[in-house]
Structures are given as C-alpha cells and as structure tokens.
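Taking it in order: structure first as structure tokens, then the write-up.
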Amino acid sequence: MTAFPGVQKIVYEGPKTKHPLAFRHYNEKELVEGRSMKDHLRFSVVYWHTFRGTGSDPFGAGTMLRPWDDGSDSIENAVRRARVAFEFMEKLGVPYYAFHDTDIAPEGSSLLQFQQNLDTVVRVFKEEQQRTGIRLLWGTQNLFSHPRFLHGAATTCNADVFAYAAAQVKKALEITHELGGENHVFWGGREGYQNLHNTDLKREIDHLAKFLHMAVDHARSIGFTGQFLIEPKPHEPTKHQYDSDAAACINFLRAYGLEKHFKLNLETNHATLAGHTMMHELEYAGMQGMLGSIDANRGDLLLGWDTDQFPTDLYLTTECMLSILKYGPLAPGGVNFDAKVRRESFEPIDLFHAHIGAMDAFAQGLKIAAAIRADGDLTEFVRQRYASWDHGLGAEIEAGKHDLASLSQYILRKGTPAENFSGRQEMLENLINRYLG
Ligand code: XUL
Ligand code: CO
C-alpha cells in the first residue's frame with residue numbers, strides 16, 4: 001500500500017530543473033565549508049502539522065484530504081498514520097522528525113491507556129526507524145490542548161494538574177529515550193498569564209523551574225543524554241508567555257541553575273511575534289552559547305499571529321544560515337519544519353511541494369551565506385569597525401586595566417575623542433544582495 005502513488009524518491013536535479021518534485025539546491029552530499037548539506041541542515045518533519053493538521057481555522061472546519069486517515073481516535077488509525085509518515089519522510093529524504101506525545105497516539109479514556117497506546121505506536125516507530133534510518137530529532141509533550149491545562153501545566157494553580165503534567169513529561173522522556181531522540185523540547189504551551197491580578201507570578205515561575213529540574217533529574221536517571229531545549233514564544237495562547245524570547249529564557253535558566261542542561265529551540269514566527277528578527281534571536285542565543293536548534297517557518301507581515309508558513313524567503317534563510325555557520329554546527333539540533341500547508345493547499349501532494357521548497361530555500365541560504373563568508377568583506381568590515389578595541393585604550397579597557405577615574409583622566413588629557421566613521425548599512429545591504437542575485 002502506498003499513500004503517495006506516483007511520487008518517487010525526491011532527488012537533486014540542479015538549479016535548472018523545472019520539475020516541481022525535485023531539489024534544485026538541496027544536494028545532501030554536497031560539501032559546504034567542509035561539511036555535507038545533510039549534516040549542516042539536519043532537516044526534520046513535524047508530526048503535528050504534517051500528519052495531524054486538519055486545516056481548520058477559527059472560521060471554518062478542516063479541509064485536508066488525507067485518504068489514509070479515517071479521522072477516528074483508534075489505535076489502528078494511529079499505526080496506519082505512522083506508516084504513512086515514514087513513507088512520506090523516506091520519499092522526501094529527511095533524516096529526522098519530531099512529535100508531541102498526543103500527536104502520535106490516542107489519549108484514550110485514562111492516562112494509563114494513553115501510555116499503553118504510546119507504547120504500541122513507539123514499537124511501530126522503532127521498526128520504521130530501523131527500516132528507513134530516519135531518526136528522532138526531538139520529542140515533547142502537549143501540555144496545552146486538553147481543557148485540564150486551562151490554567152497552565154507547570155505554572156498552574158492546581159497542584160493535581162501539575163502532577164498530571166509531570167506524568168506526561170515522564171512518559172514523553174521515556175519514549176524519546178527509547179527512540180534514540182537527540183533532544184527533548186519544552187515549549188511553554190499555556191505557561192504564562194492572562195491577567196496579573198489573579199496571578200502569583202513568583203510562585204508560577206518557581207514552579208516552572210522545579211518542573212524542569214524534575215525533568216532533568218528523571219532524564220539522567222533513565223540514561224537520556226540528549227540536549228534539553230526551551231522554545232521561546234512571547235504570547236499566544238496566553239497574553240504573556242513566560243518564555244517570551246531568547247533573552248528572557250536565558251535569564252530564567254540562569255536564575256534557577258538550569259543553564260547547564262538547556263539550550264534554546266528558536267522559531268522564526270515566535271521571534272517576529274516578539275518584535276525581533278530570527279537573526280536577532282539566533283545571534284543573541286549564539287553569543288551566549290545557547291543556540292540549540294531551530295523551528296523553521298515564517299509569519300505573515302500583515303497578520304499578527306503564528307501562521308507557521310513554510311519558509312521560502314531567501315533573505316530570511318540566508319540570515320539564518322549566516323548566524324548558524326557563525327555559531328554552529330546545529331548538531332544535535334536541526335532545522336525542524338514547524339510549518340503547515342495553507343488551508344487551501346489540501347491535497348497530499350502539497351506536503352511534498354511545501355517541504356521541497358523549504359529545504360531548497362535553506363540549502364540556497366546555506367550556499368549564499370557560505371559565499372558571503374568566503375568573500376570575507378562583511379567580516380572584514382565588522383573587524384575594522386571595532387578596530388579601536390584591538391590596541392591602545394580599547395585593548396586596555398578590555399583587559400580590565402581601567403576604571404572611571406583613569407578613563408576620565410585619559411579623555412580630559414586628550415580633549416577630543418577620535419572621529420566616528422559611517423556604519424555603511426546601505427553598502428552592506430548591497431553586498432548581501434550581490435550574493436542573492
Ligand atoms: C507552538 C509551537 C509548538 C512547539 C512544540 O507555537 O511552536 O509546536 O514547537 O510544542
Ligand atoms: Co515550534
């Protein structure tokens with residue numbers, strides 16, 4: 001049985017091909033800066049949008065045509081879906097995938113039944129992983145969809161709900177470990193507030209830290225050595241999410257002694273919702289040694305919510321790859337397509353078009369970023385811009401040889417500071433465009 005009849009394994013045909021089901025830039029074995037594209041990019045498909053997304057929106061029902069999915073919550077349907085997911089990923093040629101616990105198995109009528117259903121599906125995943133060589137980039141737990149989590153999970157006011165969430169994390173960690181997952185993600189779901197008047201902010205954030213410490217302890221006790229990741233997002237579903245951006249997450253991790261265990265999983269549309277560019281988030285996390293992985297997608301300039309579109313903008317992918325080449329490699333993280341096809345793109349083949357385009361956009365961004373770096377003009381400009389710190393006074397300040405009094409004395413003696421030079425923003429933007437052309 002095949003879910004995608006007529007689709008062969010997607011292959012690289014080069015930039016000139018007009019074939020829509022072929023790669024024009026992603027050539028997995030091609031070396032860039034001495035590393036294969038496959039190893040630079042470590043592409044991953046998400047189970048939730050790609051295999052569970054229905055296309056519903058606040059104004060209308062689902063539209064997706066998924067002939068293999070009978071829409072039921074049966075375990076047979078979950079197993080069939082798993083086989084189809086691996087057929088899709090194998091044909092696409094991605095090395096990784098990612099899931100939430102609730103994506104892969106029906107929750108049934110009790111937590112125990114959910115755990116048994118997870119075990120059944122995990123057995124199928126293991127078989128399929130062995131058959132195809134596809135691996136698990138990360139696992140996570142859905143602590144936001146069920147109504148029990150309406151006040152949050154780790155930050156809920158209801159201690160029993162905290163326990164329920166802990167049980168879900170325990171099992172999600174165990175199945176991630178069982179499947180050889182390379183990371184484990186915590187996205188803050190409903191960990192935030194809608195109104196400060198009913199919120200004990202300190203208690204909630206203390207509880208979040210306690211929850212994450214419990215997760216780290218359990219992971220170590222079962223031998224999971226993968227990387228823990230926090231995924232920042234500023235709002236949606238709550239008005240204020242505690243993990244609002246890279247800087248807020250890093251501050252939280254350090255304040256609670258979690259920084260040794262966690263890095264960040266940065267998502268493009270979350271960055272823009274926070275009023276940042278993705279490059280800002282990558283640079284901020286990168287310079288702090290906290291860049292773990294990325295959820296690759298994009299928002300819509302005209303819409304103020306998380307549209308999770310597939311990334312096709314070469315300017316965006318070039319900026320991402322400039323930062324990733326600077327601070328990477330991403331491993332054990334990857335480029336995870338947390339993206340969904342539009343409601344109007346409802347046929348199964350659209351899943352291929354979406355992923356092929358996004359993989360090509362990142363592969364092209366990688367090549368462009370590597371060419372900009374090889375050229376060296378951009379790096380040299382930045383080096384020269386800060387040259388006053390390489391010798392004399394700047395070098396002395398950096399070496400800790402000055403205080404306010406000595407600096408005051410220095411500049412009083414000198415009188416006029418050295419002249420400033422142009423930042424040449426426009427010239428540098430022109431330089432980037434030269435490589436995009
Ligand atoms: C939500 C989001 C999640 C996380 C995993 O906006 O990005 O899908 O990536 O929970
Ligand atoms: Co995400």
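The values are calculated or read from the model by the stated rules, or taken from the named source; none is laboratory data. Note that the coordinates shown come from a computational prediction; the quantities given were computed from them, not determined experimentally. Neighbour counts are summed over all protein chains in view; Cβ atoms, including those assigned to glycine, are modelled from backbone coordinates with ideal geometry. What goes into the accessible areas is simple: the full protein's heavy atoms, side chains included, and nothing from ligands, DNA or RNA. Shrake-Rupley method; radii C 1.70, N 1.55, O 1.52, S 1.80 Å.
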Cβ-Cβ below 6 Å, separation at least six or inter-chain, first residue in the stretch 24-45 and over 15 Å from K326 (Cα atoms), second open to solvent by less than 60 Å² (accessible area, probe 1.4 Å) and small (G, A, S): which pairs?
H25/A363; Y26/A363; K29/S36; M37/A363; R42/G334; S44/A98; S44/G334
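For every residue, the table says whether it meets (1) charged (D, E, K, R); (2) without any contact (Cβ under 8 Å) to a residue 60 or more places away in the chain; (3) more than 21 Å from A219 (Cβ to Cβ); (4) out of contact with any His (no Cβ under 8 Å at 6 or more places or on another chain).
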residue	(1), (2), (3), (4)
E236	yes, no, yes, yes
D245	yes, yes, yes, no
I250	no, yes, no, yes
Y256	no, yes, no, no
E259	yes, yes, no, yes
H270	no, yes, yes, yes
Residues being out of contact with any helix residue (DSSP H, G or I) (no Cβ under 7 Å at 6 or more places or on another chain) and open to solvent by less than 10 Å² (accessible area, probe 1.4 Å) - total across the stretch 278-293:
2
D360 fails exactly one of the following numbered conditions: (1) in contact with a Phe, Trp or Tyr (Cβ under 9 Å, 6 or more places away or on another chain); (2) surrounded by 13 or more Cβ atoms within 10 Å (Cβ to Cβ); (3) not assigned by TED's automatic domain parsing to the domain that holds M321. What is the number of that condition?
(3)
Quick one: in the stretch 131-145, which of the residues that are touching a residue at least 40 places away in the same chain (Cβ under 8 Å) and assigned to a loop (DSSP other than H, G, I, E, B) is most open to solvent (accessible area, probe 1.4 Å)?
S145
Restricting to the stretch 294-331, count the residues that are open to solvent by 50 Å² or more (accessible area, probe 1.4 Å), more than 25 Å from A371 (Cβ to Cβ) and in contact (Cβ under 8 Å) with a residue 12 or more places away in the chain.
2
Look through the stretch 330-373, keep the residues that are in contact with a strand residue (DSSP E or B) (Cβ under 7 Å, 6 or more places away or on another chain) and in a loop (DSSP other than H, G, I, E, B), and return whichever of them is nearest to ligand 2 (Cβ to nearest atom).
D338
Any chance G392 is open to solvent by less than 70 Å² (accessible area, probe 1.4 Å), over 24 Å from the mean Cα position of the chain (by Cα), closer than 30 Å to G34 by Cβ and without any contact (Cβ under 8 Å) to a residue 60 or more places away in the chain
no
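Considering only the stretch 229-244, how many residues are open to solvent by 30 Å² or more (accessible area, probe 1.4 Å) and within 22 Å of A98 (Cβ to Cβ)?
Here the count works out to 2.
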Extreme residue, nearest to ligand 2 (Cβ to nearest atom), among residues of the stretch 278-306 that are of a type outside the set (F, W, Y) and at pLDDT below 95
D306
Within the stretch 220-262, how many residues turn out to be outside any loop (DSSP other than H, G, I, E, B) and of a type in the set (D, E)?
1
Might you let me know whether the stretch 272-282 holds any residue that is assigned to a loop (DSSP other than H, G, I, E, B), within 16 Å of ligand 1 (Cβ to nearest atom) and not charged (D, E, K, R)?
yes
Please enumerate the residues belonging to the stretch 189-212 that are open to solvent by 70 Å² or more (accessible area, probe 1.4 Å) and in contact with a Cys (Cβ under 9 Å, 6 or more places away or on another chain).
N198, D200, R203
Check the stretch 31-46 and report whether any residue there is within 16 Å of ligand 2 (Cβ to nearest atom), assigned to a loop (DSSP other than H, G, I, E, B) and buried (at least 21 other Cβ atoms within 10 Å of the Cβ).
yes
Condition check: in a helix (DSSP H, G or I) and assigned by TED's automatic domain parsing to the domain that holds F186. Does E87 satisfy that?
yes
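Yes or no: the stretch 166-180 includes at least one residue that is assigned to a loop (DSSP other than H, G, I, E, B) and either open to solvent by less than 70 Å² (accessible area, probe 1.4 Å) or of a type in the set (S, T, Y) (or both).
Yes.
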